[in-house]
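A.B. asks: Supplied in structure tokens, the structure appears directly below.
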Amino acid sequence: MKGAHRSAGAKVGCSSVTDPTLIAPPLACTVRNCGLPLARNEQTWSCANGHSYDLARSGYLNLLQPQDRRSLTAGDAAAVVEARARLHAVGVGRALIRTLLDHVASLQLSDDTVMADLGSGSGDALGTCVAERGVAGIGIDLSVAAARHAARRFPHVTWVVANADRRLPLIEASVSFLLSLHGRRNPGECARVLTPSGFLFVAVPAADDLIELREFIQGMPAERARVEALLAEHEGLFTPIEHFSVREEHALNRESLTDLLRSTYRGARASVSGRVASLSAMDVTVASDCVLFQRRRS
């Protein structure tokens, strides 16, 4: 089986694929100058060149190469990942995921669709898509803590530790739908791994995202729109299909506010420690600007 690979569009054992867990994830070897397809043999993934990777006990696959990380503890710490998971549990960010689900449904993707999430974090967005829309999922994150957390909660998704800023660990033209929700963006690599006319869904913080909390902690925060830069980044490789905003209002207690600060790093500065300590409860706006792109045919 070494080096064998079934494409995302292949049929498995019957005339059509209805179970996304039967679709072989289109993973690629991350050893420099290799990039061959990876095939699974029990608890090991390997390529035809003999490079192999062991599946972690908790279920994720670590494809991160030494040259692709800046430290031995790259990515988000476990405390940050857990904070984001707790926020999702109390409803923060659910409107964005629901909007994503609606768009996935409206595109009427095929039964053998493979979806990948760049900067998958706690795994809630991709895990929900896989569960509700029946797609096959690959979550990519730099953090081992994030991959471990996601793999334990959503075992039917393929979770990978890799640097999404570098070459993506995916076969060329193998993924139908890519996500980047307040996460990593790599337009050139996204275009490489997407199928012809594949889709890319990007969400960035809107100008008024967490504005009440930012004003409390930082004084009068500057509002910064990011969509223009986002469109410029993807120009030439992608066509913007739709641009819209998603907003939620949440009444949050001190614990959730602290989780918000922890997950966005705004509360880590010593200069604002006094304000952080005085937090009690607050109404907070959670807002994203979203763009649905389609890959341009070359």
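A.B. asks: Of all residues in region 194-228, which are touching a helix residue (DSSP H, G or I) at 6+ places or on another chain (Cβ under 8 Å) and of a type in the set (A, V, I, L, M, F, W, C)?
C.D. replies: Leu200, Phe201, Val202, Ala203, Val204, Leu210, Leu213, Phe216, Ile217
A.B. asks: Follow-up. Every residue in region 169-228 that is polar (S, T, N, Q), in a strand (DSSP E or B) and farther than 22 Å from Arg84 by Cβ, please.
C.D. replies: Ser176, Thr195, Ser197 - these are the residues of region 169-228 that are polar (S, T, N, Q), in a strand (DSSP E or B) and farther than 22 Å from Arg84 by Cβ.
A.B. asks: If you go through region 153-207 one residue at a time, how many are within 12 Å of the chain's Cα centre (by Cα) and of a type in the set (D, E, K, R)?
C.D. replies: 2
A.B. asks: Pairs only if they're at least six apart or on different chains, beta carbon under 8 angstrom, first in region 158-181 and closer than 15 Å to Thr113 by Cα, second buried (at least 24 other Cβ atoms within 10 Å of the Cβ) and charged (D, E, K, R); list them, first residue then second.
C.D. replies: Pairs found: Leu178/Asp117; Leu179/Asp117.
A.B. asks: Ok, one more. Would you be able to tell me the number of residues in region 131-143 that are crowded, with 22+ Cβ neighbours inside 10 Å and more than 25 Å from Ala74 (Cβ to Cβ)?
C.D. replies: The total comes to 2.
So that you can scan it fast, the table gives a plain yes or no per residue for (1) aromatic (Phe, Trp, Tyr); (2) closer than 30 Å to Pro196 by Cα; (3) not in a loop (DSSP other than H, G, I, E, B):
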{"residue": "Asp76", "(1), (2), (3)": "no, no, no"}
{"residue": "Val81", "(1), (2), (3)": "no, no, yes"}
{"residue": "Ala105", "(1), (2), (3)": "no, yes, yes"}
{"residue": "Asp111", "(1), (2), (3)": "no, yes, no"}
{"residue": "Ser120", "(1), (2), (3)": "no, yes, no"}
{"residue": "Ala131", "(1), (2), (3)": "no, yes, yes"}
{"residue": "Gly137", "(1), (2), (3)": "no, yes, yes"}
{"residue": "Arg152", "(1), (2), (3)": "no, no, yes"}
{"residue": "Pro155", "(1), (2), (3)": "no, yes, no"}
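A.B. asks: Follow-up. Would you point out which residue out of Ser174, Ser180, Ser143 is hydroxyl-bearing (Ser, Thr, Tyr) and in contact with a Ser or Thr (Cβ under 8 Å, 6 or more places away or on another chain)?
C.D. replies: Exactly one residue qualifies, and that residue is Ser174.
A.B. asks: What's the number of the only condition in (1) buried (at least 23 other Cβ atoms within 10 Å of the Cβ); (2) more than 30 Å from Ser278 (Cα to Cα) that Asn186 fails to meet?
C.D. replies: Unmet condition: (1).
A.B. asks: Does Ile140 meet the test of being under 15 Å from the mean Cα position of the chain (by Cα) and not acidic (Asp, Glu)?
C.D. replies: When the stated conditions are applied, Ile140 passes them.
Any read-out appearing in this document is the output of simple, stated calculations on the displayed coordinates, not a laboratory observation. As the structure is a prediction and not an experimental result, all values here were calculated from the model. Backbone-built Cβ (ideal geometry, glycine too); neighbour counts: all protein chains shown.
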